[in-house]
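These notes concern the structure reproduced below.
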Amino acid sequence: MKRSSILFALVTLALLSYAFYQGMFVAPTEATMGDVQRIFYYHLPHAWVAFLLFFTNFLASIWYLIRRSERSDALALASAEVGVVFCSVVLVTGPLWARPVWGIWWTWDARLTSTLVLWLIYVSYLVLRRFVTGGQTQVLAAALAIFGFIDVPIVYLSIRYFRTQHPQPVIGGGEGSGLDPRMWIAVLWNLAGFLALAVLLVRLRYSLALAENALEEAHASRALAPQQAEGGPAADPALKLGDKSR
Amino acid sequence: MTVMAVARRSLAKDLRLEWRAKDAVNSMLFFALLVVVIFSFSFDPTAEESRRIAGGLVWVAFLFAAVVALNQTWARELRNQVLDAYRVSPAPAVSLFLAKAVGNFILVGVLELLMTPLFVVFYNLRSVGPVYQLLLIAALGTWALVVNGTFFAAISIRTRSREIMLPLILFPISIPALLAMVDATTMVLTGEASPRFWLQLLAVYDVVFTTVCLALFETVINAE
């Protein structure tokens, strides 16, 4: 487990380095925007990976409600946390790109606003997870995750209508139609790199969540132990933690 | 007893209690009044401007006031373990949810009826578009807030600092509904466009989330 993680991390690093090379040196400079456009190779892959992670969170939450498996809850938590990080990167790189190209940091355009609302929904999911008392976190979080994901298409629909209704402050400036094939290659390498990074992070967070659960259980049964039997060191459940979390 | 019969009894009990104590209505009304007063001297708009901003102001005031009522939805059932008793009884959980949601709908509806004249007076409002559409927006929009609000209140009672938790989880999910309510209201008040799309969106939102709430409520209320 540990060794495979390290191996995977190395592969991820290699992918990301190659993707950096592709995006920064191989892909041609964009005609009107210049080098600033290269942030696109980070912006777009992060957005796609974030959506993928939120979808994973949705599926894992449904699966948790059906099977009540601790593992799918850990996956839901891990994918939501990493998804929020990726979504934050999208929301930071977007304005960085927009400022030199559109002349403004932020516009309430359909995609920007939808991404922001998406981010808000999943932050509220993480906040809820922090605040639930008692052992009900998993069920309540899974329910909220389902609400959140169902809300996404409605958010998108409403904001798109809202924005086409009203005049847009800034039009165009996006990458438009037809990317240079070398740009596509850079996009795909970066997508592969960041997807691998996301998988790596989710995996680490997932096993951390499982280890935390095991630790909590061990504490709980240790607290109960003296009443059941005079717990000698051999009966100490915390000692079993090592093989449980692996 | 059927689902509806249980829901009716439960609703009647809640309304009777509310009628006697008037806790939720009084606190909501006073809260909304404060919001209206503070808004009206922080903006001080002309009649033309107020038509443009009233949709936003009205709904923000109602939303905040509704949270006050929603937070109290389950508080009464926690005392003396009423909720636990309900869970072990054979009564369907869905009826309890329906009763609470309809009860909140009535409370918030009463609030809106009482506060609207005040808004009209303070902001010197006169609608250019047809007023009956506002009623439709209010009905669909209030249900959209209240159905999810009732459900999320059942989640937030299991958290630390529960009063703060409810808006934190309710507002992000309600953004499309709020957008629809605010923009549709502005469209009617200014008479610039037909709110048809927003009414459809609110109807879809209501149907979708009512279904999800009914489907998941039993799971949430029995969560251990």
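No value in this document is a laboratory result; all are computed from the given coordinates. Computed from a prediction, not measured in an experiment: that's the story for all the values here. Here the Cβ is made from the backbone with ideal geometry for all residues, glycine too, and neighbour counts use every protein chain on show.
Note the count of lysine pairs whose C-alpha atoms are less than 21 angstrom apart in the protein assembly as shown, limited to pairs 8 or more residues apart or on different chains.
5
Sort largest first and round to whole Å: the equivalent ellipsoid semi-axes of chain A, each the square root of five times a Cα gyration tensor eigenvalue.
42, 24, 12
Residues of the range B:198-224 with the amide nitrogen closer than 18 Å to a label point 7 Å from the Cα of B:ALA139, along Cα-to-Cβ, please.
B:198-208, B:210
So what are the three principal axis dimensions of the protein assembly as shown from its Cα atoms, in whole Å, longest to shortest?
76, 67, 38
Give me A:THR107, B:THR142 ranked fewest to most by other Cβ atoms within 10 Å of their Cβ, as a rough exposure proxy.
Starting with the residue having the fewest Cβ neighbours, the order is A:THR107, B:THR142.
How far, in degrees from 0 to 90, does helix A:110-131 lean away from the longest principal axis of the Cα atoms of chain A, to the nearest 10?
Here the helix axis deviates by roughly 10 degrees.
Quick check: convex hull over the Cα atoms of the range A:68-126, volume per residue in Å³, rounded to an integer?
72
Calculate, in nm to one decimal, what A:SER4 and A:LEU188 gain on full extension: separation in residues at 0.36 nm each, minus their alpha carbon distance.
63.8 nm
Can you give the average number of partner chain beta-carbon atoms within 10 Å of each beta-carbon in peptide A:128-135, as a whole number?
Neighbouring Cβ atoms belonging to other protein chains average 5 per residue here.
Taking all pairs of distinct Cα atoms, average 1/r, flip it, and tell me the Kirkwood hydrodynamic radius of the range B:1-113 in Å to one decimal place.
15.8
Averaged over peptide B:173-181, how many Cβ atoms belonging to another chain are found within 10 Å of each residue's Cβ?
Mean shielding by partner chains, rounded to a whole number: 6.
At 7 Å along the Cα-to-beta-carbon direction for both A:ILE104 and A:ALA223, put a label point, then send me their distance in nm to one decimal.
Placing both labels 7 Å along Cα→Cβ, they lie 5.3 nm apart.
Can you list which of the trypsin sites (Lys or Arg not before Pro) found in the range B:1-76 are DSSP loop residues with at most 13 other C-beta atoms within 10 Å?
Within the range B:1-76, the qualifying trypsin sites (Lys or Arg not before Pro) (loop, at most 13 other Cβ atoms within 10 Å) are B:LYS22.
Roughly what would the spin-label model give for B:GLU49 and A:PHE55, points 7 Å off Cα along C-beta, in nm?
Spacing of the two 7 Å Cα→Cβ label points: 4.7 nm.
What's the longest uninterrupted piece of chain A once you rule out the chymotrypsin sites (Phe, Trp or Tyr not before Pro) that are loop residues per DSSP with at most 14 other Cβ within 10 Å?
Within chain A, the longest run free of exposed chymotrypsin sites (Phe, Trp or Tyr not before Pro) spans A:109-246.
How big is the Kirkwood radius of the range B:116-204, worked out from every pair of different alpha carbons and given in Å to one decimal?
Hydrodynamic radius (Kirkwood, Cα only) of the range B:116-204 equals 14.3 Å.
Using the charge dipole of the range B:3-221 (Lys, Arg: +1 at Cβ; Asp, Glu: -1 at Cβ; taken about the Cα centre), state which of B:PHE171, B:SER40, B:ASN80 has its Cα farthest towards the positive end.
With unit charges placed on the Cβ atoms, the residue in question is B:ASN80.
Hey, what number do you get for chain A at 222 nm if only DSSP H runs of n ≥ 4 count, each worth -39500 (n - 2.57), divided across all residues, to the nearest 500?
-27000 deg cm²/dmol
May I ask you to derive the relative contact order of the range B:3-221, considering only C-alpha pairs under 8 Å and at least 6 residues apart, and to give it as an integer percent?
Value for the range B:3-221: 29 percent.
Across the residues of B:194-206, average count of Cβ atoms on other protein chains within 10 Å?
For peptide B:194-206, the averaged partner shielding equals 2.
Run through the range B:136-196 and list the trypsin sites (Lys or Arg not before Pro) located in a DSSP loop whose Cβ has at most 16 other Cβ atoms within 10 Å.
Taking the range B:136-196 and a limit of 16 other Cβ atoms within 10 Å, the loop trypsin sites (Lys or Arg not before Pro) found are B:ARG160.
Principal axis extents for the range B:3-221, Cα atoms only, whole Å, descending order, please.
Between the extreme Cα coordinates on each principal axis of the range B:3-221 lie 57, 33, 30 Å.
Could you pull out the trypsin sites (Lys or Arg not before Pro) across the range A:64-156 that fall in loop regions by DSSP (anything but H, G, I, E, B) with no more than 13 other Cβ atoms inside 10 Å?
Qualifying residues, ordered by number: A:ARG68.
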